[in-house]
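First, the structure itself, so that you have it in front of you.
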Amino acid sequence: MTRISVKVDGTAYEDEVEPRLLLVHYLRDRLGLTGTPVGCDTTNCGACMVDLDGKSVKSCSVLAVQADGGEVTTIQGLASADGEWHPLQRAFHEQHALQCGFCTPGMIMAARDLLRENPDPTPEEVREGLEGNLCRCTGYMNIVRAVLAAAAEERRHQAPEPGAVAEHAEPSTAGSGAPV
Amino acid sequence: MIPASFEYARPRTVEEAVGQLALAGEEAKVLAGGQSLLPILRMRLAFPELLVDVGRIPGLRGVRTDGDTLVIGALTSHHDVVHDPLVRRHAGLLAAATATVADPAVRHRGTIGGSLAHADPAGDVPAAVLALDAELVVQGPDGRRSVPAREFFTDYLQTALRPDELLVEVRVPKADAWGFHYEKFQLSAQAWAVVGVAALVRRDDGRIVESRVGLSNMGPTPVRATACEEALAGADAAPDAVASAADSAAEGTRPASDLSASAEYREHLARVLTRRAVLAAADLT
Amino acid sequence: MTDQLTGREPEVGRARVRKEDARLVTGRTNWTDNITVPGLLHIAILRSPMAHARIERIDVTPALERPGVVAAYTGRDLAEGLGSLPCAWPVTEDIVLPEHPPVAVDEVRHTGDPVAVVVARDRYAAADALEAIDVDYEPLPPVLNMEAALAEGSPLVHADKGTNRCYTWPLATGEDYATVRERADVVLRRRFVQQRLIPNAMEPRAVVAVPPDTSDQYTLYSATQIPHIVRVMMAVVTGIPEHRLRVVAPDVGGGFGSKLQVYGEEAIGLAVARKLGRPVKWTESRSEGYLATHHGRDQIQDLELAATRDGRLLGLKVDLLADMGAYLMIVTPGVPLLGAFMFPGIYKMDAYDFTCTGVFTTKTPTDAYRGAGRPEATFAIERMMDELAAELGMDSVEVRRRNWIGHDEFPYTTIGGLTYDSGNYESATDKALALFGYDDLRSEQRKREERGDPVRLGIGVSTYTEMCGLAPSRILRDLRYGAGGWEAASIRMLPTGKVEVLTGTSPHGQGHVTSWSQIAADVLGVPFEDVEVLHGDTRTVPQGMDTYGSRSLVVGGVAVHRAARKVVDKARKVAAHLLEASEDDLDFADGVFSVKGSPDAHKTIQEVAFATFTSHDLPDGLEPTINAEHVEDPEAFSYPHGTHLCAVEVDTETGRVRIRSYVCVDDVGKVVNPMIVEGQVHGGLAQGIAQALFEEAVYDEEGNLVSGTMADYLVPCAADLPDFLTDRTETPATTNPLGVKGVGEAGTIASTPAVVNAVVDALRPLGVTDVRMPCTPERIWRALRDARSARPEEGSS
Ligand SMILES: Cc1cc2nc3c(=O)[nH]c(=O)nc-3n(C[C@H](O)[C@H](O)[C@H](O)COP(=O)(O)OP(=O)(O)OC[C@H]3O[C@@H](n4cnc5c(N)ncnc54)[C@H](O)[C@@H]3O)c2cc1C
Ligand code: FES
Ligand code: FES
């Protein structure tokens, strides 16, 4: 057993865990935070995605002991304290970007991460940014719409700083190494 | 699925880690980002008794330059490699190849060292590192040694690393003067490369001075397309010359036949993709 | 359209955002695996690593030594008290119906067949204990190839049955096919293969079984599409009396047919809960599910199409081999026959001859997967229509026009014997062609061909119809199906004026709560927000036939509509009494009864509901309720249709296919919620495209599932799929009062042939006439290479 302390959705926890305990099982079975589901055993589906120290991770592929000292945000911690939904939650609802909803927590966490790095993505960038998440119901089209809608919404709300340019571009697969 | 039990250690220094590895011998496994190791443990394909979590050892993460060499800490995440300005400036090929690894969440956790130590021939990072003629610095109980990338990958999922050694840094000669391209062929956006081609080309106006071509998934280890490189040396920087050189891209390779592709098709892909990668790297598209 | 009198906008037809979403987007979900009960134990199941073997010896006692383990059972331990898993569709009188124990006793017949069960304190301990179980297997020969399985001397899946042939089911309608064939100018013969698919609902299956304790019932929570059917069947399999068994489908994360099943794990859960008197949970891992959850498709189709030189169809002959897998599950044998009537599609012809042979193999059983039987039929006829067009040098849309049923010919009884109530193939096709830019794409295609572009363009057409809305009970009887096809709804008018709709459908993503609210709100004239829809729990909704086969709206939604009408009829009696008017003198609009001519005299339906609650002032003999229920047995199947057009670019060097554009115009009759309908179409398209280009369950020669994890079985992600351009035409169904048709499966049914037709169309000038699904780059590369070597004059490389 190893002792860990983790902050999850704003609450601090301390627990003794087996080193092999997966973060997702720690959240679900120990903390009762069942908003984050498990959809596969090969790190493919992304249903389990949470935010660990500011970055999206697949919580089925992180040990609880690796999260020791860290801060986790799950789908259950996204809404503001007064219950107001995150713009992505609203956009998923309004654009009908979920059917069964099983992939939704992961999709929203992945999209949140994507928009943090790239607040104004193209539809193609959204599709690529979500390549670690599988949905079997929606055919993805409304998910892409929702992410674009939420991005637009968030940009509207963040008063644009003059001259600020998002630094997000992925490197192209080709180029010249010569200094630019 | 659920991993079998193991003990867990979280050393604070490389020396401590190496000591723990030496003590446990074959029964221990290094845990870096866990993006290859944890899926393996969950499927119960391996049963280590001890995981040595090197994820928090200070100094193993990040990128710096050392003269003409770029030094990348083994624990640097794929995400950080992709976005690092030094990498993008001096080893664009590595950033390009790494950007195609898995998905953003896996790239947040997975590390360059883990990719190389895991040595999956289908991996994108090993082929790029091979093409870049990098040196891999490993540390064991007797100190550090440096292994050229060409000698690092010894067989399928096997490397020159000894059980008590840790990969600590990747030293990449700056490739500022080289054009580059990583061409990855996948069956779906989530899938690993059926074949990947990491190409570096140095041009002198109308000629190709030199090229280096690393291939992923064309054998039990990542390999260099040596015959093609030779054919390109001094060749015209022209589509025909590149095409004819690329015809030899599969020479000497030993690709597997598996669910994704037959060996024969992989050889064909290696030729087509090498042509495309070299043309792109040579700015001929 | 607003109601002229009241200004109230009808709910039906509005793109209402879903009521279901609030919990789902915030993580307040109730998946089966989320459920915990005090004292809960965890089940893990040991599964056969071999395709076919005799269990020589099995010892579970070492597992009992492991920490945290409470019990361990072999198949024999559980056999007492557990019957065979049911097949509800014995399609012929002489069908071979093998035993199917939930846990194998003597013999395993596919990799993944359960052989032992352990019960432990948590999932980790249960997983560990599996490693301790000792099993000696005596290998038996696997049976993997359907044609070989039928040959004399083949090893048998079920030795006691003496054959691998499960059944042969023939149908011949119209003129004699052989005679018609003699009149034909062209006779095309093709073999198509419907590869085996894994449904991949994103929520893995899970079961929680709770024995009587604080309640006197057994409770089974299951990630199922069919809680009502599971209840009946579990009563039969476990012997727990039906009235003491409650089945709940909590939040269910997709199904696509894979949860239209009565699974061994449900029986195992109940049996273990009964033995131990403790609640138990089992959750499959994804790779376990790949072996243990039924697969879909897997047919070999031999087709022959006879036509005249000017492109008129004369007859169609279909010979199917359908892989049942190792056992018959709930509707395994019937799935291919759901397509039997649909091979002629939307076309007129003189003769139709169909035979299907079901075959046992040592693979995971097959059963319904989105479309079930109809995608196979549609694929076959739509591919054949393109082949005919090519053979005759005719445009592929034109050849369809020459044969389809004209909009003025409805209702039309097809050669397959079905009566299509309504449709307009011309208008859907014209709209689709315009949206697609058909002529421009054709001209680009020619240009690319002329300049020998290594990237070719292909255009695929699919003008489909399908038969859904399962199903008129009498037809099911004729097909030897073991149950009816009705659906139940009841409506409770609560004293405070709110409304509860209880539906027998069991949604798992389809948005019934929203759509049923819209339907009920319109009839009752109550606000959409005031309606709650309850489902998926046999204690709350005792009667139901559940959700599959695009039936929910056309049967269950119609039931809601009719039940609501009954409520209004009952309320009218009460209102008449309260208003001291005769029933005939009452108008009912927007939820208000008013006396004709004196609009000030009125009662709202909510007031009427309250009046029956107090019951202080009701006429003699009037039952004090306006609640009502309705069980709808549909008059006919539902026949949505549409035209799908796909343009692909094929890189002839690598064989890579890229979908350049996808346009579909579907006609699903009247639409209750256009947003939900569009979502259904999108999801269907993705699955149909996935079959065309990505997915296949592959077995090796020993019968191991090689595509055994999500890393190997390529479920497409967002980056693999294009945007879709969807539109609709609206030809109301004439067989139900809402004018609605099913939509759940249409996208899947239509899209697969559209994509493959496009791929073949791109490559046809290079000599390729078919590519097996999934059309992977390597298959395309090989097809091109084979075509080149067959026509050596055209080329080096
Ligand atoms: C869904 C999915 C898709 C993927 N797709 C791709 C892909 O397309 N291309 C690709 O290249 N990769 C892919 N990967 C693998 C990914 O690149 C991994 O991140 C990487 O292979 C392992 O890095 P890690 O830090 O997570 O290593 P870990 O998983 O922690 O370790 C991997 C192995 O390396 C050893 N090791 C790790 N670090 C060291 C060290 N410093 N010294 C000595 N030994 C060490 C470990 O003991 C272990 O044996 C994918 C992974 C997943 C889960
Ligand atoms: S459950 Fe974590 S990626 Fe599927
Ligand atoms: S909404 Fe069901 S899996 Fe995405």
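The values are calculated or read from the model by the stated rules, or taken from the named source; none is laboratory data. Only a predicted model underlies this, so the values are computations on that prediction, with no experimental measurement involved. Methodologically, a virtual Cβ is constructed for each residue, glycine included, from the backbone with ideal geometry; neighbour enumeration extends over all protein chains shown. Accessible surface areas use protein heavy atoms only, side chains included; no ligands, DNA or RNA. Shrake-Rupley method; radii C 1.70, N 1.55, O 1.52, S 1.80 Å.
Multiply the residue gap between C:LEU64 and C:THR179 by 0.36 nm, knock off their C-alpha separation, and tell me the result in nm, one decimal place.
34.5 nm
Let me spell out the model: positive unit charges on the Cβ of Lys and Arg, negative unit charges on the Cβ of Asp and Glu, origin at the Cα centre of chain A. What dipole size does that give, in debye rounded to 20? Intermediate values should be presented prior to the final figure.
On the way: 15 positive and 26 negative charges, 85 e Å.
Roughly 420 debye, rounded to the nearest 20.
Right, here's the next one. Hey, with R₀ at 45 Å, roughly what FRET efficiency would C:LEU622 and C:SER427 work out to, going by the Cβ-Cβ distance, to 0.05?
Approximately 0.35, to the nearest 0.05.
Still on this structure, I have one more. Between C:LEU197, C:ILE35, C:LEU578, whose Cα lies farthest towards the positive end of the dipole of the protein assembly as shown when Lys and Arg beta carbons carry +1 and Asp and Glu beta carbons carry -1, centred on the Cα centre?
Comparing the listed Cα positions along the dipole, C:ILE35 ranks first.
Which lysines, if any, have their Cα less than 21 Å from the Cα of C:LYS275, not counting same-chain residues under 8 positions apart?
Candidates past the 8-residue exclusion: nothing left.
Next up: Go ahead and run the numbers for FRET between B:LEU157 and C:ARG779, Cβ-Cβ distance against an R0 of 25 Å, rounding to 0.05.
0.30
A further question on this structure: Cross-link partners among lysines for C:LYS281, C-alpha distance below 21 Å, same-chain residues fewer than 8 apart left out?
C:LYS259
Still on this structure: What accessible area per residue, rounded to a whole number of Å², is obtained for region C:504-631 using a probe radius of 1.4 Å?
Working: 5070 Å² over 128 residues.
Per-residue value: 40 Å².
Let's see if you can work this out: charge +1 on each Lys and Arg Cβ, -1 on each Asp and Glu Cβ, no other charges. What is the dipole magnitude of region A:78-159 about its Cα centre, in debye to the nearest 20? The partial results should precede the final answer.
Details: 8 positive and 12 negative charges, 42 e Å.
For this selection, approximately 200 debye.
Work out the length of the dipole vector of the protein assembly as shown about its Cα centre, built from +1 on the beta-carbon of each Lys and Arg and -1 on the beta-carbon of each Asp and Glu, and round it to the nearest 20 debye.
Roughly 340 debye for the protein assembly as shown.
Take the Cα radius of gyration of region B:179-281 and divide it by 2.2 N^0.38 Å, with N its residue count; two decimals is plenty. Mind dumping the intermediate values first?
Values: Rg = 13.0 Å, N = 103, 2.2 N^0.38 = 12.8 Å.
Taking N as the residue count of region B:179-281, the ratio is 1.02.
So what's the gap between the Cα centers of region C:330-361 and region C:176-251, to the nearest angstrom?
19
Here is a further query. Considering only Cα-Cα distances, which of the following residue pairs are longer than 18 Å: C:LYS19/C:LYS566; C:LYS317/C:LYS348; C:LYS19/C:LYS741; C:LYS573/C:LYS603?
C:LYS19/C:LYS566; C:LYS19/C:LYS741
Determine the shielding of peptide B:167-179 by partner chains: average, over its residues, the number of Cβ atoms on other chains within 10 angstrom of each Cβ.
1
Relative to the first principal axis of the alpha-carbon coordinates of chain A, what is the inclination of helix A:141-157, with its axis defined by its Cα atoms, in degrees from 0 to 90 and to the nearest 10?
Tilt of helix A:141-157: around 80 degrees.
Ignoring ligands, DNA and RNA, what percent of the accessible area of region C:122-209 is carbon or sulfur (1.4 Å)?
48
Once you order the gyration tensor axes a ≥ b ≥ c over the Cα atoms, which shape class does chain C get: rounded for a/c under 1.5, otherwise prolate or oblate by comparing a/b with b/c?
Verdict is oblate for chain C.
Follow-up. Summing -39500 (n - 2.57) over the DSSP H runs of n ≥ 4 in chain B and dividing by its residue number, what mean residue ellipticity at 222 nm do you reach, to the nearest 500 deg cm²/dmol?
Computed mean residue ellipticity for chain B: -9000 deg cm²/dmol.
Next up: At 1.4 Å probe size, what's the solvent-accessible area of C:ASP617? Round to the nearest 10 Å².
Roll a 1.4 Å probe over it and C:ASP617 shows about 90 Å².
Say the dipole of chain C comes from +1 at the beta carbon of Lys and Arg and -1 at that of Asp and Glu; which of C:GLY277, C:VAL760, C:LEU534 then lies farthest toward its positive end?
Final value for the positive-end residue is C:GLY277.
Cα centroid distance between region C:23-72 and region B:178-250, in Å?
Distance between centres, Cα-based: 50 Å.
Rank-order C:289-297, C:197-205, C:307-315 by packing density, defined as the average count of other C-beta atoms within 10 Å over each peptide's residues, highest first.
Descending packing order for the listed peptides: C:197-205, C:289-297, C:307-315.
Follow-up question, since we're still on this one. List the residue ranges in chain C for DSSP H helices whose C-alpha atoms run 24 angstrom or more along the long axis and whose Kyte-Doolittle average is -1.0 or above.
Those that clear 24 Å and a mean of -1.0 are C:374-392, C:558-579, C:674-693, C:746-763.
Between C:PHE528 and C:ARG451, with labels modelled 7 Å along Cα→Cβ, what's the label distance in nm to one decimal, could you check?
It is 5.0 nm.
Can you give me the distance in nm between label points at A:ALA81 and C:ASP395, each placed 7 Å from the Cα along the Cα-to-Cβ direction?
6.7
While we're here: If you take the accessible area of A alone, add that of C alone, and subtract the area of the pair, what total do you get in Å², probe 1.4 Å, to the nearest 100?
4200
State the extension gain, in nm to one decimal, for the chain segment bounded by C:GLU147 and C:ASP569, taking 0.36 nm per residue of separation less the distance between their alpha-carbons.
Working: separation 422, 0.36 × 422 = 151.92 nm, distance 5.96 nm.
Using 0.36 nm per residue and subtracting the Cα-Cα distance, I get 146.0 nm.
For a label point 7 angstrom out from the Cα of C:LYS670 toward its Cβ, which stretches of region C:7-21 have the backbone nitrogen within less than 19 Å?
Taking a point 7 Å out along Cα→Cβ of C:LYS670, the residues of region C:7-21 whose backbone N falls under 19 Å are C:7-16.
So, one more: Just by accessible area at a 1.4 angstrom probe, what is the order of C:ASP33, B:ASP204 from largest to smallest? Spell out each step's value before the answer.
Numbers: C:ASP33 25, B:ASP204 90 Å².
Largest accessible area first, the residues go B:ASP204, C:ASP33.
Could I ask something else about it? Expressed as a whole percentage, what fraction of the accessible surface of chain B belongs to carbon and sulfur atoms when a 1.4 Å probe is rolled over the protein heavy atoms?
47
Using protein chains only and a probe of 1.4 angstrom, how many square angstrom of A:PHE102 are accessible, to the nearest 10?
10
How far, in nm, would the chain grow between A:MET1 and A:GLU124 when pulled straight, counting 0.36 nm per residue and subtracting the alpha carbon separation? Before the final figure, lay out the partial values.
On the way: separation 123, 0.36 × 123 = 44.28 nm, distance 4.49 nm.
Separation in residues times 0.36 nm, less the Cα-Cα distance, equals 39.8 nm.
A further question follows. Highest mean first, what order results for C:732-739, C:575-582, B:29-36 on Cβ atoms within 10 Å?
My ranking of the peptides, most packed first, is B:29-36, C:732-739, C:575-582.
Moving to a separate point now. Between B:LEU284 and C:PHE610, what's the calculated FRET efficiency when r is the beta-carbon distance and R0 is 60 Å? Round to 0.05.
Numbers: r = 82 Å, r/R0 = 1.36.
Step by step, r from the Cβ atoms, then E = 0.15.
Quick one: check the C-alpha center-to-center distance for region C:416-479 versus region B:109-163, whole angstrom.
Here the two parts' Cα centres lie 53 Å apart.
What's the average, rounded to a whole number, of partner chain beta-carbon atoms within 10 Å of each residue's beta-carbon in A:101-110?
Rounded to a whole number, the mean comes out at 6.
Shifting gears a bit: State the answer as a single residue: which of C:THR74, B:THR221, B:ALA17 lies farthest towards the positive end of the charge dipole of the protein assembly as shown, with beta carbon charges of +1 for Lys and Arg and -1 for Asp and Glu, about the Cα centre.
B:ALA17
How shielded is A:25-32 by partner chains, expressed as the average number of their Cβ atoms within 10 Å of its Cβ atoms?
2
Separation between the C:ARG28 and C:ASP408 pseudo-spin-labels, each 7 Å from Cα along Cα→Cβ, expressed in nm?
5.8
Ignoring everything except DSSP H segments at least 4 long, calculate the 222 nm mean residue ellipticity for chain A; use -39,500 (n - 2.57) per segment, divide by total residues, nearest 500.
Mean residue ellipticity, 222 nm, calculated: -8000 deg cm²/dmol.
Tell me the mean residue ellipticity at 222 nm calculated for chain C from its helices only (DSSP H runs of n ≥ 4, each -39500 (n - 2.57), averaged over every residue, nearest 500).
-8500 deg cm²/dmol
If you count, for each residue, the other Cβ atoms within 10 Å and average over each peptide, how do A:13-23, C:718-728, C:181-191, A:38-48 line up from highest to lowest?
Ranked by mean Cβ neighbours within 10 Å, highest first: A:38-48, C:718-728, A:13-23, C:181-191.
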